[in-house]
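The values are calculated or read from the model by the stated rules, or taken from the named source; none is laboratory data. Everything numeric here is computed off the predicted structure, so don't read it as measured data. FYI the Cβ positions are ideal-geometry reconstructions off the backbone, even for glycines, and counts take in every protein chain you see. Surface areas here come from the heavy atoms of the whole protein model, side chains and all, with no ligands, DNA or RNA. Shrake-Rupley method; radii C 1.70, N 1.55, O 1.52, S 1.80 Å.
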Amino acid sequence: MKEQLREIFRNSMGIISNFSPTLTSKIYYRAAIGKKLNLKNPQTFNEKLMYLKLNEYENNELITQCVDKYKVREYVEKVCGKEILNELLGVYDNANEIDFNKLPKKFVLKCNHAAGFNIICEDKNKLDIEETRKKLNKWLKTDYWKYVAEVQYKNVEKKIVCEKFLESKDGNSIEDYKIYCFNGKPKFCMLCIGRNLGKPKYYFLDIDWKL
C-alpha cells in the first residue's frame with residue numbers, strides 16, 4: 001500500500017513538473033524542511049541551491065554536461081586530467097547492446113540522466129541478466145527530472161554507462177568523499193563510510209579535516 005501511494009505521489013509530481021518545476025520544488029521543500037521555500041530572497045544553503053536549480057541550471061550547457069555521468073568525463077579530463085577518471089568499460093543506448101560475456105566479474109552499470117539508477121555487480125555469475133536488462137531499459141524510458149523537478153537533468157541524452165568496480169586493495173568497500181566548493185573554492189568535505197552496507201554514516205569536515 002505504501003509503495004502504491006508513493007508511486008501515485010511520484011507520478012503526480014511528474015505531471016506538475018511538466019507545467020511548473022517551481023511548484024514541485026516547493027512541495028518537496030515543504031515536506032523535507034518543514035517550511036515555505038523562499039525563492040525571492042533565499043537565505044539558506046538549501047534555498048540558494050533551489051534558486052540556482054530553477055533559475056540558472058535548466059538550459060546551462062556546462063551544468064547539463066556536469067550532471068551527465070558520461071559527458072562529465074570530458075570536462076574532468078579537460079580540467080583535471082584523465083588519470084583521475086574511473087575506467088570506462090562501455091557506453092550503450094539501450095541494455096540490449098550490453099555483451100555481459102565481455103564484462104569482468106565485477107562492474108557497475110548506471111544511467112547517466114538520473115540519481116540512484118545504479119546496478120552494482122560484485123559477482124556476474126549471480127547476476128540476473130534479463131532482469132538487469134529490463135530494469136535498465138525501464139530507467140532509460142524514465143524522465144527522472146520530472147519526478148523530482150531536477151531540471152538540470154532535462155537535456156541529458158540518455159545512456160547506460162559501465163565502469164570498473166571500485167574497491168580497496170584488501171577487497172573492502174572504499175570511502176566516499178565529496179568536496180563542496182563555493183565560488184570555485186573548497187570550503188568543506190563530506191566523508192561517507194559504509195555506503196555498501198545500506199547504512200551509511202556521514203561526516204562533515206572543514207578543510208583542516210575537523211568535524
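Any chance you could run the full-extension gain for Lys36 through Met190? It's 0.36 nm times the residue separation minus the Cα-Cα distance, nm to one decimal. Please list the in-between numbers first.
On the way: separation 154, 0.36 × 154 = 55.44 nm, distance 2.68 nm.
Between Lys36 and Met190, full extension yields an extra 52.8 nm.
Please work out the Cα center distance from segment 1-77 to segment 86-158, rounded to the nearest Å.
22 Å
Using a ≥ b ≥ c from the Cα gyration tensor of segment 94-153 (square roots of the eigenvalues), is it rounded, prolate or oblate, where a/c under 1.5 gives rounded and otherwise the larger of a/b and b/c decides, a/b for prolate?
prolate
Ignoring everything except DSSP H segments at least 4 long, calculate the 222 nm mean residue ellipticity for the chain; use -39,500 (n - 2.57) per segment, divide by total residues, nearest 500. List each step's numbers first, then the result.
Working: 7 runs with 71 residues, N = 211.
Helices in the chain give a 222 nm mean residue ellipticity of -10000 deg cm²/dmol.
Work from the charge dipole of segment 1-108 (Cβ charges, +1 for Lys and Arg, -1 for Asp and Glu, about the Cα centre) and give the residue of Gln4, Gly14, Leu62 farthest towards its positive end.
Projecting each Cα onto the dipole axis, the largest value belongs to Gln4.
Using θ = phi - 60° and the Karplus relation 6.51 cos²θ - 1.76 cosθ + 1.60, list the HN-Hα couplings for segment 80-93 in order, rounded to whole Hz, with x at every Gly or Pro.
Couplings: 10, x, 6, 5, 8, 7, 5, 5, 8, 9, x, 9, 9, 7 Hz.
(i) 46, 38, 30; (ii) 53, 45, 36; (iii) 64, 39, 37: which one is Cα extents along the principal axes in Å as calculated from this entry?
(ii)
Which percent of the accessible area of the chain is formed by carbon and sulfur heavy atoms (probe 1.4 angstrom)?
Ligands and nucleic acids excluded, carbon and sulfur reach 52 percent.
Tell me, what is the FRET efficiency for Lys135 and Val79 to the nearest 0.05, using R0 = 45 angstrom and their Cβ-Cβ distance as r?
With a Förster radius of 45 Å, E is 0.85.
Quick one: net charge around Leu54, please, counting Lys, Arg +1 and Asp, Glu -1 for every other residue with C-beta under 13 Å from its C-beta.
Result for the local shell: +1.
Quick one: accessible area per residue over the chain, 1.4 Å probe, rounded to a whole number of Å²?
Accessible surface, normalised per residue, equals 69 Å².
What list of ³J(HN,Hα) couplings, whole Hz, do you get for segment 151-168 from phi and the Karplus terms 6.51, -1.76, 1.60, once you set θ to phi - 60° and write x for glycine and proline?
Taking θ as phi minus 60°, the curve returns 5, 5, 8, 4, 9, 6, 6, 5, 9, 10, 10, 10, 10, 4, 6, 8, 7, 6 Hz for segment 151-168.
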